[in-house]
Amino acid sequence: MTHAAQGAFSETTVASFLGALAARTPAPAGGAAAGLSAAVGAALLAMVARYTTGPRYAEREQQMLGLVDELGALEARAVDNVRADQAAFGAVAAAYELPKDTDEARARRSAAIKDGLREAIGPPLALAEVCTRLAALARVIAEQGHQPIVSDVGTGAACIGAAIEGTLINLTANSASLPEGEAGGRLADTCAALLAARDDLRQVVEEARARYRRRTDASGGAAAEPAS
């Protein structure tokens, strides 16, 4: 994670963020939760990539170090998206609170709401790009990463999958609030890419589970060696 992304959360504990999510406020909400889930998934994939270095993995060490750098950048983007989503929906909520006691005030309020909703679709679209790339990297690391901790790849894939599900919901909800057709073909293409990424992530998760089921079966039902 970059220093800037770390700084954004330097004074936020897990407990305080969860408290903010649970509060009766418009933000943070689902978009922020999706961003954080994607960041967690990226961090887990980076951990497995770091384990895929050293003499045992000399032939792929440079590739894995390159993935570590890319995953760090994607993690930072996901964390930044948490803040962006909070700001965007804070602006929408503020627009809904504007006065509506005169025709002029109502017109200003309506325009502010529409402008806010147009801005609010930006963070989930940006997070969609992060998640689709993370899904592709999850597949690479599942196949080439340090296999004794493939359970962490599966868990990371599940976190990214959750982020995708949330992003799909948010994109659908946000676009429904825009004038018909305004979201355009970009939204359809983004959702199609997310659905494909989600399906691949589910396969990564299932393959990780299958690996441990095979180990359990081979041991005659005894507990398998811990994953990490």
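Every number here is computed from the coordinates shown, using simple stated rules; none is lab data. Treat the numbers as computed from the prediction; the structure is a model and nothing was measured. Methodologically, a virtual Cβ is constructed for each residue, glycine included, from the backbone with ideal geometry; neighbour enumeration extends over all protein chains shown.
Below are the figures for this structure:
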| read-out | value |
| --- | --- |
| Spin-label model distance (nm) - E207 vs L195, 7 Å beyond Cα toward Cβ | 2.3 |
| Trypsin sites (Lys or Arg not before Pro) lying in DSSP loop within region 83-125, provided at most 16 other Cβ fall within 10 Å | K100 |
| Taking S175, S16 and counting other C-beta atoms within 10 Å, the order from fewest to most | S16, S175 |
| HN-Hα J in Hz across region 71-86 - Karplus 6.51, -1.76, 1.60, θ = phi - 60°, x for Gly and Pro | 5, x, 5, 5, 4, 4, 5, 5, 5, 4, 5, 4, 5, 5, 5, 4 |
| Percent RCO, i.e. relative contact order, over the chain, from Cα pairs under 8 Å lying at least 6 residues apart | 25 |
| For the chain, built as a Gaussian network whose Cα springs stay under 10 Å, the top-fluctuating residue of A43, A126, A196 | A196 |
| Filtered trypsin sites (Lys or Arg not before Pro), region 7-79: DSSP coil and at most 13 other beta carbons within 10 Å | R24 |
| Likely footprinting exposure, D69, D80, fewest C-beta neighbours within 10 Å first | D69, D80 |
| Stokes-Einstein D for the chain, Kirkwood Rh over Cα pairs, 20 °C, 1.002 mPa s (µm²/s) | 112 |
| Dipole moment magnitude, nearest 20 debye, the chain about Cα centre, only Lys, Arg, Asp, Glu C-beta charged | 380 |
| Where Rh is the Kirkwood radius over Cα pairs, Rg/Rh for region 65-155 | 1.27 |
| Potential extension, A93-A22 segment - 0.36 nm per residue separation minus Cα distance | 23.9 nm |
| Whole-Hz ³J(HN,Hα) from phi, Karplus 6.51 cos²θ - 1.76 cosθ + 1.60, for region 189-203, glycine and proline x | 5, 5, 5, 4, 5, 5, 5, 5, 5, 4, 5, 5, 5, 4, 5 |
| Helix-only [θ]222 nm of the chain, DSSP H runs n ≥ 4, -39500 (n - 2.57) each, per residue, nearest 500 | -27000 deg cm²/dmol |
